[in-house]
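Encoded as structure tokens, the structure appears first; notes follow it.
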């Protein structure tokens, strides 16, 4: 079994979460009850529980951007990242940081995009043309 992470956090509306994670992001829904729902978040398990989402602020300086902290995310191969960026852009999603390339020409060059789910939870999706760049220094 390939290791995967599990992350549980709060959302204020399970129906909105289902539409966003399942519909827009394309994550398969797993088990659920009336108070939580699991999703396959690009090969990892997230559990969304009804409650007050964690407090965030744009306090993380990355390059020229201040990014929301804390945030969750995933690293995709470039083809999957581009396909998702196109789908989210065409759906009219409001981005915190629109799909872009950062650290261009440097170790760790990556594509990135930041947005929030309907409950305000920040998400970053990264794309790498070469997997070895994920931990490049």
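Read the figures in this text as sums done on the coordinates, not as results from a lab. For clarity, every value in this text was computed on a predicted model and none was experimentally measured. Every residue, glycine as well, gets a Cβ built from its backbone with ideal geometry; the counts of neighbours run over all protein chains shown.
Hey, what angle do you get for helix 78-90 against the long axis of the chain, alpha-carbon based, 0 to 90 degrees rounded to 10?
It is inclined by approximately 60 degrees.
I need the shape label for the range 57-135. Rule: rounded when a/c is under 1.5, else prolate if a/b > b/c, else oblate, with a, b, c from the alpha carbon gyration tensor.
Because a/c hits 1.5 or more and a/b fails to exceed b/c, the range 57-135 counts as oblate.
Need one number: % antiparallel among DSSP beta bridges in the chain, to the nearest 5.
70
Let me check against my output: what whole-number percent is the relative contact order of the range 26-68, with C-alpha pairs under 8 Å and at least 6 apart?
Once normalised by length, the contact order is 22 percent.
With an 8 Å cut-off on Cα pairs and a minimum separation of 6 or more residues, tell me the relative contact order of the chain in percent.
Normalised by residue count, the contact order of the chain is 22 percent.
Given the -39500 (n - 2.57) contribution per DSSP H run of 4+ residues, what per-residue ellipticity at 222 nm results for the chain, rounded to the nearest 500 deg cm²/dmol?
Mean residue ellipticity, 222 nm, calculated: -3500 deg cm²/dmol.
Is any residue of the range 97-114 close enough, with backbone N under 14 Å, to a label point placed 7 angstrom from the Cα of residue 132 along the Cα-Cβ axis, and if so, which?
107-109
Expected output is a single nm value to one decimal: the length gained when fully extending between residue 95 and residue 44, i.e. 0.36 nm times separation in residues minus the C-alpha distance. What is it?
Taking 0.36 nm per residue and subtracting the Cα distance, the gain is 16.1 nm.
Given the Cα-Cα distance of residue 56 and residue 31 and 0.36 nm per residue of separation, how much length would full extension add, in nm?
This chain segment gains 6.3 nm when fully extended.
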